[in-house]
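S.K.: Below you will find the structure I want to go over with you.
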Amino acid sequence: MTTARSTFMLAVLLVGLMLAGGAFAATPAEEQAAFQAYFKQRFPNVPEDEFKNGAYAIDPVGRENWEAIEEFPPYETAISKGETLWNTPFANGRGYADCFADGPAIAAQYPRWDRERGMVVTLPLALNDCRQANDEAPLKYVKGPIADLVAYIAYESRGQITQVEIPADDPRALAAYEQGKRFYFARRGQLNFSCAHCHFANSGARLRSEVLSPALGHTTHWPVYRSDWGEMGTLHRRFAGCNEQVRAKAFKPQSEAYRNLEYFLTYLNNGQELNGPGARK
Amino acid sequence: MTEDSIIASRLKRGFRNSLILGLLAVLPLGAAWSETPDQSQALASIEAAEAARQRADSVGGEWRDTATMIEQAKTLAADGRYAAAIELANDAKRQGELGYDQALGEQHADFPAYVLDRSR
């Protein structure tokens, strides 16, 4: 009798613990909703479709300057170089259009989970895959021709909506998202900061001469012409720069760590309109 | 014994004592002197720093400047500046250890409660 009762009590306790545990594990969809709600609440005066403009959505002085720059966009040469690249056949006579049937306006299809390869595929990676499938040497990932190509594709894709999917029937996709999430929130480097320290809790604050942009809007406008770089750069170039700011060693562009980070961050930005390429300080 | 001779003997003893104290004070210096780091010690420190760096890197926790510090320590050692090389290598080793611990401590990092509470 007492054994039966204590067994029952134990079962009740276990079920309770499981329920409590379940309540703590949020799904990606819940996390995305919480993320977007956080920034909308943090910046109640910023319209939803303004976050894609980064710091210029919240910094009026920086915005004046940026609007002047956008009148003669510094990324225009990159777009036209990219267009030429897109239309120039490979040595074997084929071209990018043969790899990307919907091209060139394909930016919103990336990053995406590739079920066959079991990995996140980003746009620059897919472009190099296409080259290699056609016996062309891969392009370097942070700047130069790859940035030009992506600039042209981004330009042709303007107005598309971010819509990253995490297929529910492939747990490896969720694992990639989770890995990107750990990366995002892990403190790193000698300064012991996570991405969130600057782009969540301190977004809107000033760091030296820059206003820290909110993470909502971070994935819409790549590649970017940065005055600081004096040239175009890819999203992974920016990731590397932000890692180094906290005195952590940067990862390789298109490394698994950065691809998963991009997957996580872009998923959180679902619903944001694409407006690349961009110009930034 | 007269008053004077007592004082004289105390002074003498005092002098002897301070001589001993003085020698004692100098001894550790002598010890340190004989331990002036040599090339093998510098290279061992550099090797230990490199091992710590690689360990941090294996968990994604390497810091930005560690590898550069190790390279600089190698240059110092090559110039015969062993003490400086060891100091720098030890700093690099410490960075490797801290970076490793940091990465392990952060492997379950997640959304801060101030964001996630909004979804409940």
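The values are calculated or read from the model by the stated rules, or taken from the named source; none is laboratory data. Predicted, not measured: the structure shown is a model, and the values here were computed from it. Every residue, glycine among them, receives a Cβ derived from its backbone with ideal geometry; neighbour counts consider all protein chains shown. Ligands, DNA and RNA are stripped out before the accessible areas are found, and what is left, the full protein with its side chains, is counted by its heavy atoms. Shrake-Rupley method; radii C 1.70, N 1.55, O 1.52, S 1.80 Å.
S.K.: How far apart, in nm, are the 7 Å Cα→Cβ label points at A:Leu191 and A:Ala91?
M.R.: 4.5
S.K.: Are there residues in the range A:228-275 whose accessible area shrinks by at least 40 Å² when all protein chains are included rather than the chain by itself, and which are they (probe 1.4 Å, ligands and nucleic acids not counted)?
M.R.: In the range A:228-275, residues shielded by partner chains: A:Arg247, A:Lys249.
S.K.: Can you tell me which lysines have their Cα less than 20 Å from the Cα of A:Lys81? Leave out same-chain residues fewer than eight positions away.
M.R.: Within the straight-line cut-off, A:Lys81 pairs with A:Lys140, A:Lys143.
S.K.: Rg and Dmax of chain A, Cα atoms, in Å?
M.R.: In Å, with Rg to one decimal and Dmax whole: 21.5, 84.
S.K.: Moving to a separate point now. Let me spell out the model: positive unit charges on the Cβ of Lys and Arg, negative unit charges on the Cβ of Asp and Glu, origin at the Cα centre of the range A:76-156. What dipole size does that give, in debye rounded to 20?
M.R.: On the way: 8 positive and 11 negative charges, 49 e Å.
Dipole size: approximately 240 debye.
S.K.: Also, quick follow-up: With a 1.4 Å probe and all protein chains left in place, how much accessible area per residue does the range B:39-105 have, in Å²?
M.R.: Working: 3500 Å² over 67 residues.
Per-residue accessible area for the range B:39-105 comes out at 52 Å².
S.K.: Do any residues of the range B:75-120 show a loss of at least 30 square angstrom of accessible area between the isolated chain and the full protein assembly, using a 1.4 Å probe, and if so which?
M.R.: B:Gln102, B:Glu106, B:Ala109, B:Asp110, B:Phe111, B:Tyr114, B:Val115, B:Leu116, B:Arg118, B:Ser119, B:Arg120
S.K.: Still on this model: Can you tell me which lysines have their Cα less than 19 Å from the Cα of A:Lys40? Leave out same-chain residues fewer than eight positions away.
M.R.: A:Lys52
S.K.: Just to be sure I understand the interface: list residues from the range A:183-224 that lose 50 Å² or more of accessible area between the chain on its own and the complete protein assembly, 1.4 Å probe.
M.R.: The answer is A:Phe185, A:Gln190.
S.K.: Roughly how many whole Å is it from the C-alpha centroid of the range A:197-241 to that of the range A:80-159?
M.R.: 23
S.K.: Sort A:Phe72, A:Phe251, A:Phe100 from largest to smallest accessible area, using a 1.4 Å probe on the heavy atoms of the protein chains.
M.R.: Working: A:Phe72 165, A:Phe251 60, A:Phe100 20 Å².
In descending accessible area the options line up as A:Phe72, A:Phe251, A:Phe100.
S.K.: For the range B:39-105, what % of the accessible area comes from carbon and sulfur atoms, probe 1.4 Å? If you can, show how the numbers build up before the last one.
M.R.: On the way: 1660 of 3500 Å².
Roughly 47 percent, rounded to a whole number.
S.K.: Going Cα to Cα from B:Lys93, which lysines come in below 19 Å? Please leave out same-chain ones fewer than 8 positions away.
M.R.: The reachable lysines, counting only those whose Cα sits under 19 Å from B:Lys93, are A:Lys249, B:Lys74.
S.K.: I've got another one for you. Rounded to the nearest 500, what is chain A's calculated 222 nm mean residue ellipticity when only DSSP H runs of at least 4 contribute -39500 (n - 2.57) each, over all residues?
M.R.: Working: 11 runs with 133 residues, N = 281.
Per the formula, -14500 deg cm²/dmol.
S.K.: Could you list, by residue number, the cysteines of chain A that have no other cysteine's beta carbon within less than 4.7 Å of their beta carbon?
M.R.: When partners are defined as cysteine Cβ atoms under 4.7 Å apart, chain A leaves A:Cys195, A:Cys198, A:Cys242 without one.
S.K.: Ignoring ligands, DNA and RNA, what accessible area per residue does chain A give at 1.4 Å, in Å²? All intermediate terms of the calculation are to be shown ahead of the outcome.
M.R.: Numbers: 13740 Å² over 281 residues.
Per-residue accessible area for chain A comes out at 49 Å².
S.K.: Kirkwood hydrodynamic radius, the range B:39-105, all distinct C-alpha pairs: what's the number in Å? If you can, show how the numbers build up before the last one.
M.R.: Working: mean 1/r = 0.0882 Å⁻¹.
Result for the range B:39-105 stands at 11.3 Å.
S.K.: Ordered by residue, what ³J(HN,Hα) values in Hz, to whole numbers, does the range A:81-96 give under the Karplus form 6.51 cos²θ - 1.76 cosθ + 1.60, where θ = phi - 60° and Gly and Pro are x?
M.R.: Per-residue couplings from phi come out as 4, x, 4, 4, 4, 4, 8, 8, x, 6, 4, 8, x, 8, x, 4 Hz.
S.K.: Let me ask something additional. If DNA, RNA and ligands are ignored and the probe is 1.4 Å, what is the ranking of A:Asp114, A:Asp135 by accessible area, most exposed first? The partial results should precede the final answer.
M.R.: Details: A:Asp114 25, A:Asp135 135 Å².
Accessible-area ranking of A:Asp114, A:Asp135, largest first: A:Asp135, A:Asp114.
S.K.: Now a separate question. Roughly how many percent of the accessible protein surface of the range A:76-156 is carbon and sulfur, given a 1.4 Å probe and a whole-percent answer? Write down the numbers at each step before the final one.
M.R.: On the way: 1880 of 3930 Å².
Within the range A:76-156, the accessible surface is 48 percent carbon and sulfur.
S.K.: Over both sides of the B-A contact, add up the buried accessible area with a 1.4 Å probe and give it to the nearest 100 Å². It would help to have the intermediate numbers written out before the result.
M.R.: Values: alone 9220 and 14750 Å², together 21820 Å².
Interface between B and A: roughly 2100 Å².
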